[in-house]
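K.L.:
Before I ask anything, here is the structure I am working with.
The values are calculated or read from the model by the stated rules, or taken from the named source; none is laboratory data. The shown structure was predicted, so the numbers you read here are calculated from the model rather than taken from an experiment. Cβ placement follows ideal geometry from the backbone for every residue including glycine, while neighbour counts extend to all protein chains displayed. Note: areas computed on protein heavy atoms with side chains; ligands, DNA, RNA excluded. Shrake-Rupley method; radii C 1.70, N 1.55, O 1.52, S 1.80 Å.
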Amino acid sequence: MSWKKIIYLLLVMVIAGLSALTGAAAGGAAVYTVVSREQAGNLFTSIPMFASDPNNNTPGQTLVLNSTDVETAITQAVQKVGPAVVTIVGTIPGQMTFFGQTGDQTVSGSGFFISDEGYILTNNHVVEGTKEVSIILSDGREEKAALVGTDPYSDIAILKTEGAVPSVAVLGNSDLLNSGESVIAIGSPLGDFKNTVTVGVVSGTGRSIDTGQGYQVEGLIQTDAAINQGNSGGPLVNLAGEVIGVNNMIVRGSASGAVAEGLGFAIPVNTAQAVANQIVAQGYFSRPFMGISYQAISPDIAANYNLPVQWGVYVTKVAADSPASKAGLQADDIIISLNNVKMDETHNYLNVLYTYKPGDQVTLGVMRDGKEITIQITLGESSQT
């Protein structure tokens with residue numbers, strides 16, 4: 001073998017060795033980078049959004065999610081709102097029964113400070129029927145609270161405490177909510193697990209639920225964030241740490257017997273704030289009323305009693321000196337419409353009535369003795385209907 005061939009072979013071996021060392025170093029650096037990211041907590045998930053076109057070499061688009069950012073936003077939102085959340089404990093007095101006087105009953109729920117003057121927003125059903133109420137702050141302190149006023153129709157109540165206010169919740173704009181937006185529920189489920197945090201999304205907006213009391217609760221926010229008994233009155237919060245709803249009910253099943261999970265509902269904070277502002281200002285929320293006692297009519301009731309209409313309200317009594325009495329409404333009249341909005345499955349009497357305010361004049365469509373007549377009535381102001 002000539003000396004030229006020996007030099008050529010040595011040169012090839014050196015180049016191959018250097019290439020192997022370079023590849024190993026690059027691979028080690030890549031592994032080190034991935035391990036370092038994981039140790040630092042910056043975990044990224046790459047999700048293909050669109051497949052690559054098989055007819056060309058264009059790669060598919062990739063969405064990079066940083067779970068750390070989401071977790072940080074949740075933590076910061078809870079830290080911002082959490083100190084303003086309180087546990088509400090009420091005492092309902094015992095009742096006289098056939099077997100004697102029953103003992104007092106303790107009920108619990110949640111609420112949150114909306115003012116540095118000590119005003120607390122919660123649900124009406126949390127404090128309804130209570131003779132005394134106390135609150136437990138996020139730091140464990142317990143204080144007495146007084147009931148300022150309630151609005152059963154919107155399920156809103158306002159309490160006030162004279163103690164120091166640890167924090168005031170920031171109220172957002174519930175009109176800007178979109179389905180899929182992340183939300184956080186904070187409250188005291190079962191009254192024992194204070195300031196429990198659950199996370200979910202906005203499942204829908206503008207939901208309506210029949211209360212079984214002659215009207216529907218409308219405009220609710222639906223969420224799959226876990227809400228349990230005791231969460232009522234607590235805040236539903238967005239990732240900016242703003243309250244966008246007041247948790248007020250859950251649905252576990254339907255009339256057909258189907259079982260459901262993850263069906264929680266909250267009152268939009270824009271609605272709650274409007275009611276709360278009026279209660280704080282005057283001790284009650286102004287609702288229009290006519291001054292009648294009535295029975296809601298449905299197709300089943302209409303069939304049973306051979307009534308001339310399938311939907312409406314049957315007037316059983318007219319209060320003396322009431323707007324209804326002054327307008328000429330009588331017992332046994334059937335109200336079938338208000339300002340040409342006919343009563344039906346989706347337009348209950350109270351839902352339509354409460355779109356007006358005290359002092360408004362409306363036209364009632366009324367069935368009397370088998371004939372339809374119209375009556376002009378000026379609505380009064382009261383907590384009655």
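K.L.:
Using only the Cα atoms of the range 238-353, what are the Rg and Dmax in Å?
P.N.:
19.1, 56
K.L.:
Roughly how much of ARG287 is accessible, in Å² to the nearest 10, using a 1.4 Å probe?
P.N.:
Here the residue's solvent-accessible area equals roughly 30 Å².
K.L.:
Something else now. Determine the per residue accessible area of the range 84-233 with all protein chains present and a 1.4 angstrom probe, expressed in square angstrom.
P.N.:
Per-residue accessible area for the range 84-233 comes out at 46 Å².
K.L.:
Of LYS80/LYS194; LYS160/LYS326; LYS144/LYS357; LYS144/LYS194, which sit over 28 Å apart, Cα to Cα?
P.N.:
Pairs exceeding the cut-off: LYS160/LYS326; LYS144/LYS357.
K.L.:
Kindly identify the range 337-385 as rounded, prolate or oblate by the Cα gyration tensor criterion: order the square roots of the eigenvalues as a ≥ b ≥ c, call it rounded if a/c is under 1.5, otherwise compare a/b with b/c, prolate if a/b is larger, else oblate.
P.N.:
The shape class here is oblate.
K.L.:
Going Cα to Cα from LYS317, which aspartates and glutamates come in below 13 Å? Please leave out same-chain ones fewer than 8 positions away.
P.N.:
ASP332, ASP333
K.L.:
Hey, what do the phi angles of the range 177-186 turn into as Karplus ³J(HN,Hα) couplings, whole Hz, using 6.51/-1.76/1.60 and θ = phi - 60°, x for Gly and Pro?
P.N.:
5, 10, 4, x, 5, 6, 9, 10, 9, 10
K.L.:
Ok, one more. In square nanometres and to one decimal, what's the mean projected area of the convex hull around the Cα atoms of the range 295-352?
P.N.:
Result: a mean projected hull area of 4.1 nm².
K.L.:
Please give the peptides 295-304, 200-209, 143-152, 108-117 ranked by average Cβ packing (other Cβ atoms within 10 Å per residue), highest first, as a rough proxy for protection.
P.N.:
108-117, 143-152, 200-209, 295-304
K.L.:
Share of the range 80-202's accessible area from carbon and sulfur, percent, 1.4 Å?
P.N.:
C and S fraction of accessible area: 53 percent.
K.L.:
Still on this structure, please answer the following. Taking K and R as +1 and D and E as -1, what net charge do the other residues with C-beta under 13 Å from the C-beta of ASP116 add up to?
P.N.:
Counting the neighbours of ASP116, the net charge comes to -1.
K.L.:
If you wrap a convex hull around the C-alpha atoms of the range 143-277 and split its volume per residue, what is the figure in Å³?
P.N.:
With only Cα atoms used, the range 143-277 gives 123 Å³ per residue.
K.L.:
Can you give the alpha-carbon Rg of the range 131-211 over 2.2 N^0.38 Å, where N counts its residues?
P.N.:
1.34
K.L.:
Taking R0 as 25 Å, what's the FRET efficiency between SER325 and GLN282 from their Cβ-Cβ distance, rounded to 0.05?
P.N.:
So, using R0 = 25 Å, E works out to roughly 0.45.
K.L.:
Before I look further, what does the range 263-303 give for accessible area per residue, probe 1.4 Å, in whole square angstrom?
P.N.:
Each residue of the range 263-303 exposes 38 Å² on average to a 1.4 Å probe.
K.L.:
If you wrap a convex hull around the Cα atoms of the range 70-218, how much volume per residue is inside, in Å³?
P.N.:
Cα-based convex hull of the range 70-218, divided per residue, equals 142 Å³.
K.L.:
What does the charge add up to near SER208, with Lys and Arg as +1, Asp and Glu as -1, over the other residues with Cβ less than 13 Å from its Cβ?
P.N.:
In short, -2.
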